1. Scan region 292-310 and give yes if some residue there is farther than 24 Å from residue 233 by Cα and not in a loop (DSSP other than H, G, I, E, B), otherwise no.
2. Mind listing just one residue for me: the one in region 243-299 that is under 13 Å from residue 230 (Cβ atoms) and touching a residue at least 40 places away in the same chain (Cβ under 8 Å) and, of those, surrounded by the most Cβ atoms within 10 Å (Cβ to Cβ)?
3. Just to be sure I understand, how many residues within region 114-126 are within 16 Å of residue 143 (Cβ to Cβ) and either in contact with a helix residue (DSSP H, G or I) (Cβ under 7 Å, 6 or more places away or on another chain) or surrounded by fewer than 19 Cβ atoms within 10 Å (Cβ to Cβ) (or both)?
4. Determine which member of the set 256, 263, 321 is outside the structural domain of residue 229 (by TED's automatic domain parsing) and either modelled with pLDDT under 95 or under 25 Å from residue 219 (Cβ atoms) (or both).
5. Going by the conditions given, is residue 91 farther than 30 Å from residue 6 by Cβ and either crowded, with 20+ Cβ neighbours inside 10 Å or in contact with a strand residue (DSSP E or B) (Cβ under 9 Å, 6 or more places away or on another chain) (or both)?
6. Test residue 146 against the stated conditions and say whether it is buried (at least 19 other Cβ atoms within 10 Å of the Cβ) and either over 21 Å from the mean Cα position of the chain (by Cα) or in the same structural domain as residue 272 (by TED's automatic domain parsing) (or both).
7. Residues that are more than 15 Å from the chain's Cα centre (by Cα) and closer than 22 Å to residue 169 by Cβ: which strands (runs of 3 or more DSSP E) entirely in region 193-284 hold 1 or more of them?
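The values are calculated or read from the model by the stated rules, or taken from the named source; none is laboratory data. The structure presented is a predicted model; accordingly, all values stated were derived computationally and were not measured. Positions of Cβ are backbone-derived with ideal geometry, glycine not excepted, and every protein chain shown enters the neighbour counts.
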């Protein structure tokens, strides 16, 4: 069963809930949230990026979430330290997520040895294997498959067609978006004397910490031996591949189409932008930033920002990129071959 609701509230109540300093009519009715260019009367919006600051003067929104030192504008303002985070909280306050009533759909197939916690919602055609442990308040939407011996914590949310393979261990508050696969076989093969590829059994597991989210059609492979580990708070975007035996530290972001080859070790609070490729057996230090489409062949020190292929420190990469654009003119200055 799906239940939706939108909640209206006074601007003064919203400011109180967000811990913001209000400048404007406290009785203004807020009916929803929207981007600054699409917002209309009754909406709250935000400015976090300086390039959108000019739009705050022309927006039709009832109120704008801004930083504490933002200039005065005609719309009401809610002033606070982090407008972007406050906007996310405003969405949660004003618009509910779907609610799923506890119960098991008659088409679900659940092994007799599986143990389900309290208040779980198990949707149509879900399959739960032998000796699975599932915590309280979990939601498994249609066609989710949980293989045997998987151990999953409380408040798990798995969207349609997500898969958790055998023996994997997931913490509390894990979210799997549609088609995410946790614990598929790592890509391991050894060539025999005849030149044929021999499959290396992938006997390890995948472990996800608390509050990990893996988005649509992303894959976190199981290890050949040992474990692939994703620590607390990591967010993995669509179409991302985490190779076998890798580890990803707390609160790291892996953006769309990133690929981590096997035995890559990524530290805490790292940002890996879209379409980054990291060679196997590399270590990415805490707080590093890998810019979009970087090709990373080796280790990256903590805190360093790198880009390009092969990846290099950001300022050097920018100089190389600028020089690359001038190469045709530079070639004209070279002596011509007289042979």
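1. Yes, the conditions are met somewhere in region 292-310.
2. Here the residue is 244.
3. Residues flagged as within 16 Å of residue 143 (Cβ to Cβ) and either in contact with a helix residue (DSSP H, G or I) (Cβ under 7 Å, 6 or more places away or on another chain) or surrounded by fewer than 19 Cβ atoms within 10 Å (Cβ to Cβ) (or both) within region 114-126 amount to 2.
4. None of the others qualify; the one that does is 321.
5. no
6. In short, yes.
7. The strands (runs of 3 or more DSSP E) meeting that bar are 205-208, 227-230.
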